[in-house]
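Below: one structure, written as structure tokens.
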Amino acid sequence: QVQLVESGGGLVQPGGSLRLSCAASGFTFSRYAMYWYRQAPGKQRELVADISSASSTEYADSVKGRFTISRDNAKNTVYLQMNSLKPEDTAVYYCKAARNYNYWGQGTQVTVSS
């Protein structure tokens, strides 16, 4: 069955870094576009970054220059490197795989606080 498992979240001080991972199984990972979303308390889920099957990338304006999305098709994993973190980056981060179907992970909490 399809699984997306996020990891790497946690508590970090403002200005710090985290790297999120999303390990995929149960589908042909290399053929799918991959996405990172986030949802803060009381807010709608928003798109943070995406990477196509050809590895072209896009970012939300709020994270450009600070976050980097990448993928390793040999490991069936997508990453989100987050630098210069701000308190407003605090949210649950989700990965999504999309092609003919959308698959979602369960999310990982990122808290940016001093």
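Extension gain, ALA40 to VAL5: 0.36 nm times the residue separation minus the Cα-Cα distance gives 10.7 nm.
Look at the alpha carbon pairs under 8 Å that are at least 6 residues apart: their mean separation over the length of the chain gives a relative contact order of 37 percent. For segment 78-101, backbone nitrogen atoms closer than 19 Å to the point 7 Å from THR57 Cα along Cα-to-C-beta are found at 78-86, 89, 93-98.
Only lysines eight or more places from LYS75 in sequence, or on another chain, were considered; those with a Cα closer than 18 Å are LYS96. Look at where the Cα atoms of segment 84-114 and of segment 1-73 average out, and the two centres are 6 Å apart. Given a 1.4 Å probe and the protein chains as shown, TYR93 ends up with an accessible area of around 0 Å².
Each of THR90, THR28 has its accessible area taken with a 1.4 Å probe; listed largest first, they run THR28, THR90. Distance between the modelled labels on GLU88 and ALA33, one decimal in nanometres: 2.6 nm (7 Å Cα→Cβ projection).
Taking θ as phi - 60° and the Karplus parameters 6.51, -1.76 and 1.60, the scalar couplings of segment 17-34 work out to 10, 9, 10, 8, 10, 9, 8, 10, 7, x, 8, 7, 3, 5, 8, 9, 6, 10 Hz in sequence order, x denoting glycine and proline.
The values are calculated or read from the model by the stated rules, or taken from the named source; none is laboratory data. Here the structure is a predicted model, which is why all the values come from computation and not from measurement. All Cβ positions, even for glycine, are placed from backbone atoms using ideal geometry, and neighbour counts span all protein chains on display. When the accessible area is computed, the model is the full protein with side chains, heavy atoms only, and any ligands, DNA or RNA have been set aside. Shrake-Rupley method; radii C 1.70, N 1.55, O 1.52, S 1.80 Å.
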